[in-house]
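Read-outs: derived from the displayed coordinates by stated rules, not from any lab. All figures in this text were calculated on a predicted structure; none of them were measured in a lab. Note: ideal-geometry Cβ built from the backbone for every residue, glycine included; neighbour counts use all protein chains shown.
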Amino acid sequence: MTVPALQNTSVIYRRILSQFPQDISLAFAYGSGVFKQQGTSQGQMGKNMVDFVFAVDDPVTWHTMNLLQNRKHYSVLKLLGPRKISSIQSDHGAGVYYNTLVPVDGRVIKYGVISTESLIEDLMHWKTLYIAGRLHKPVKMLAQSDNGKLRAALVGNLKSAVTASFLMLPESFSEEDLFLQIAGLSYAGDFRMVIGEDKSKVANIVQDNMQHFRILYTNILQDCPQVVYKPQQGKLEVDKSPEGQFVQLMTLPRTLQQRITRLVDPPGKNRDVEEILLQVAQDPDCGAVVQQAISSIVKSSSITQSAKGIATAGMWKSVSYSAKKLMKMWRGWRRKPSVPQVS
């Protein structure tokens with residue numbers, strides 16, 4: 001199975017991509033500049049920044065070429081050279097180097113560069129959930145190399161998102177409930193959801209893009225032995241028995257299993273992972289434990305990546321970017337209906 005790409009990719013994304021070094025193993029565009037979100041008009045979409053991620057096999061070579069082609073995209077860190085930039089990319093935060101508020105072909109874009117190896121690790125093991133979490137939601141795939149390990153990791157990441165969500169949902173739920181849970185995974189524990197993001201962000205992403213979520217997840221749900229999926233009614237029923245939950249816990253990404261283990265196992269006991277997950281599977285609060293463990297992954301990566309972003313973007317762009325985020329948050333707050341006061 002391959003991860004489905006959304007069709008009719010606009011020529012504008014291909015034009016933008018053509019202005020970068022072409023040694024890219026995976027490129028995708030995402031965010032409110034690409035997909036319509038609740039409360040955003042088509043006209044506003046055209047003004048929103050477009051977000052890209054490029055996975056590259058050799059970051060030093062890629063940044064060397066990009067510095068020659070697009071030196072103005074970089075902050076003062078460009079003076080350190082491609083080796084140091086690649087080191088900052090890989091050794092800090094979530095393994096991504098972002099250039100933001102870059103004007104290209106009449107649009108303003110932000111693009112992150114990650115090594116193919118780091119991307120595969122995040123997809124398979126949820127080491128940071130930073131890029132893996134973005135790929136839980138619909139994206140516009142612009143380029144993908146014939147890398148079997150990467151292809152398998154992309155599909156495995158979607159399956160992991162479904163499994164983790166099953167553990168946090170009740171026995172019966174709707175398609176929309178599932179997609180809201182999946183879309184929210186990478187925001188759980190993200191400090192930017194407290195200040196800097198529209199609080200309705202997850203619902204806004206899902207409500208106008210249900211069909212895109214179905215394209216991503218229908219085959220996985222139909223092939224999953226632990227769920228009864230009724231696409232006509234948009235309903236699902238999942239196995240919530242301790243045995244069913246244990247099977248689900250055992251297939252979760254490695255980092256998530258480790259975080260669950262840390263939460264449940266008292267220091268010094270050092271029980272094996274299987275024994276701990278068996279205990280969690282029988283706990284009525286199993287879903288809450290999984291949620292807390294996911295939040296701990298997201299929290300640490302969102303803080304360290306955001307701190308790195310100040311250096312990679314430069315102070316002026318960081319302030320400008322943060323101001324735009326706060327404005328979106330304020331607009332989202334204004335859209336919420338006011339609660340009538342009871343006299």
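List of remarks:
- Cα pair distances of the range 74-152 binned at 5 Å [whole percent]: 3, 12, 20, 23, 19, 15, 6, 1
- Mean separation of Cα pairs under 8 Å and 6 or more residues apart, divided by the residue count, gives the range 11-334 a relative contact order of 22 percent.
- Here the range 11-334 is assigned +1 on the Cβ of each Lys and Arg and -1 on the Cβ of each Asp and Glu. Its dipole about the Cα centre then comes out at about 1720 debye.
- Given LYS84/LYS299; LYS84/LYS149; LYS201/LYS230; LYS137/LYS201; LYS78/LYS110, the pairs whose alpha carbons are separated by over 19 Å: LYS84/LYS299; LYS84/LYS149; LYS201/LYS230
- Simple spin-label estimate for ASN147 and VAL11 gives 3.0 nm between the two label positions (7 Å along the Cα-to-Cβ direction from each Cα).
- Cα-based equivalent ellipsoid of the range 97-254: semi-axis lengths in Å, sorted from largest, via gyration tensor: 28, 19, 16
- Derived scalar couplings ³J(HN,Hα) [the range 93-107; Karplus, 6.51 cos²θ - 1.76 cosθ + 1.60; whole Hz; x for Gly, Pro]: x, 9, x, 10, 10, 9, 10, 10, 6, 9, x, 9, 6, x, 10
- Backbone amide hydrogens, once placed in the peptide plane, bring PHE28 within less than 5 Å of VAL53, LEU142, excluding anything fewer than 5 places away on its chain.
- All Cα-Cα separations within the range 11-334 were binned at 20 Å from zero, giving a P(r) of 31, 58, 12, each value a whole percent of the pairs.
- All aspartates and glutamates inside 17 Å of LYS140 as judged from Cα atoms, apart from same-chain residues fewer than 8 positions distant: ASP51, ASP208
- Reduced Cα scattering model of the range 44-181, Debye log10 I(q)/I(0), q = 0.10, 0.16, 0.21 Å⁻¹: -0.41, -0.93, -1.30
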